[in-house]
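Q: Please find one structure pasted underneath; my questions will follow.
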Amino acid sequence: MLFRSVTGMISKAVRDAVVEGARVVGGDYIGFVGDSVYSDAHDKNSAALELAERLGASNYDILILICGKDATDDEANDLCDRLEKMCKRADVIMINGGQPIYDYIMILE
């Protein structure tokens, strides 16, 4: 049996750029996997939801959301609730990671 997992991150863009054809606006939040940008939004939760949708999160069994130090409890809880509604198949697990660079790390299994 083949298992596939994907790890995506949400972080604030430090400058305007074009990455693999995707336009990134400095100050916006971007959702990416490796060098590929999947979302760009004014707020971290919108970027995370778009990343989850673009990665097909609703097709996975487990979604682990690791929250960074700049994600407030209200933001993290709201995102977790919205991901649970979006990904009915998945067990959504939220962890307070406290990491400094990534607002969220999303692991799909």
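Q: Could we say that Ser39 is in contact with a Leu (Cβ under 6 Å, 6 or more places away or on another chain), surrounded by 12 or more Cβ atoms within 10 Å (Cβ to Cβ) and within 16 Å of Leu108 (Cβ to Cβ) here?
A: In short, yes.
Q: Let me ask another. Can you tell me which residue within the stretch 71-101, out of those that are open to solvent by 80 Å² or more (accessible area, probe 1.4 Å) and closer than 21 Å to Val14 by Cα, is nearest to the chain's Cα centre (by Cα)?
A: Ile101
Q: Which residues, taken from the stretch 55-77, are small (Gly, Ala, Ser) and out of contact with any Phe, Trp or Tyr (no Cβ under 9 Å at 6 or more places or on another chain)?
A: If the condition is that a residue be small (Gly, Ala, Ser) and out of contact with any Phe, Trp or Tyr (no Cβ under 9 Å at 6 or more places or on another chain), then Gly56, Ala57, Ser58 are the ones that fit.
Q: In addition: Modelled with pLDDT of 95 or more and touching a helix residue (DSSP H, G or I) at 6+ places or on another chain (Cβ under 6 Å): which single residue out of Ala48, Ala57 fits that description?
A: None of the other options fit; the residue is Ala48.
Q: For the stretch 87-101, how many residues meet the condition of being in contact with an Asp or Glu (Cβ under 7 Å, 6 or more places away or on another chain) and on the phi > 0 side of the Ramachandran plot?
A: 0
Q: Follow-up. Can you spot a residue in the stretch 66-82 that is in contact (Cβ under 8 Å) with a residue 40 or more places away in the chain and polar (S, T, N, Q)?
A: No, the conditions are met nowhere in the stretch 66-82.
Q: Of all residues in the stretch 1-13, how many are at pLDDT 90 or above and farther than 23 Å from Ala52 by Cβ?
A: Going through the stretch 1-13 one residue at a time, the tally reaches 0.
Q: Could you list, in sequence order, all residues of the stretch 25-70 that are over 12 Å from the mean Cα position of the chain (by Cα) and of a type in the set (Asp, Glu)?
A: Residues satisfying the conditions are Asp28, Asp35, Asp61, Asp70.
Q: Take residues that are in contact (Cβ under 8 Å) with a residue 12 or more places away in the chain and under 22 Å from Leu65 (Cα atoms) and tell me which of the strands (runs of 3 or more DSSP E) falling wholly in the stretch 1-47 contain 3 or more. Spell out how you get there, then give the answer.
A: Details: elements: 6-12, 17-19, 22-24, 29-33, 36-41.
Because the criterion is at least 3 residues that are in contact (Cβ under 8 Å) with a residue 12 or more places away in the chain and under 22 Å from Leu65 (Cα atoms), the strands (runs of 3 or more DSSP E) in the stretch 1-47 that meet it are 6-12, 29-33, 36-41.
Q: A further question follows. Got a sec? Which of Ala76, Ala71, Ala52 is part of a loop (DSSP other than H, G, I, E, B) and of a type outside the set (S, T, N, Q)?
A: Ala71
Q: Within the stretch 55-68, how many residues are over 15 Å from Asn96 (Cα atoms), assigned to a loop (DSSP other than H, G, I, E, B), open to solvent by less than 70 Å² (accessible area, probe 1.4 Å) and not aliphatic (A, V, I, L, M)? Steps first, please.
A: Step one: filter the stretch 55-68 for residues over 15 Å from Asn96 (Cα atoms), giving 55-62.
If we keep only those that are assigned to a loop (DSSP other than H, G, I, E, B) too, we end up with 55-56, 60-61.
In the following step, the residues that additionally are open to solvent by less than 70 Å² (accessible area, probe 1.4 Å) were identified as 55-56, 60.
After this cut, where a residue has to be not aliphatic (A, V, I, L, M) as well, the list is 56, 60.
Result for the stretch 55-68: 2.
The values are calculated or read from the model by the stated rules, or taken from the named source; none is laboratory data. Only a predicted model underlies this, so the values are computations on that prediction, with no experimental measurement involved. For neighbour counting, all protein chains shown are included, and Cβ atoms are generated from backbone atoms with ideal geometry for every residue, glycine included. Protein only, heavy atoms only, side chains kept; ligands, DNA and RNA dropped before computing areas. Shrake-Rupley method; radii C 1.70, N 1.55, O 1.52, S 1.80 Å.
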